[in-house]
1. Just to verify a result, which residue in the range 20-44, among those that are surrounded by fewer than 15 Cβ atoms within 10 Å (Cβ to Cβ) and in a loop (DSSP other than H, G, I, E, B), is modelled with the lowest pLDDT?
2. Against the definition (at pLDDT 85 or above and either touching a Phe, Trp or Tyr at 6+ places or on another chain (Cβ under 7 Å) or among the basic types (Lys, Arg) (or both)), how does residue 16 come out, yes or no?
3. What are the pairs, 6+ residues apart or on separate chains, where a residue within the range 22-40 that is more than 19 Å from residue 6 (Cβ to Cβ) and touching a residue at least 12 places away in the same chain (Cβ under 8 Å) has its Cβ under 9 Å from a residue that is assigned to a helix (DSSP H, G or I) and among the small types (Gly, Ala, Ser)?
Amino acid sequence: MDDRLGPAAVTLAGVMARVAGWRPDEFWAATPADVRAALAGWGEADADAPLGGAALAAMMERFPDG
């Protein structure tokens, strides 16, 4: 079994640190519903719709690393 985290999980951890100010322990303790609630105001998508790749890409473009 591969013990590495998926790149999307690591990317989302970084997004949540920048956007919501979450520290790593807060991100890893959060549920998907917590992440969704924290990101609900971002983008123009329906708040009940799942966060899509385009919305994540837009956030990453707006808040680049470094």
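1. 44
2. Yes.
3. So the pair list comes out as 38/20.
The values are calculated or read from the model by the stated rules, or taken from the named source; none is laboratory data. The model shown is predicted, which means the values in this text are computed figures rather than measured ones. A quick note on method: Cβ atoms are made from the backbone with ideal geometry, for glycine too, and the neighbour counts reach across all protein chains shown.
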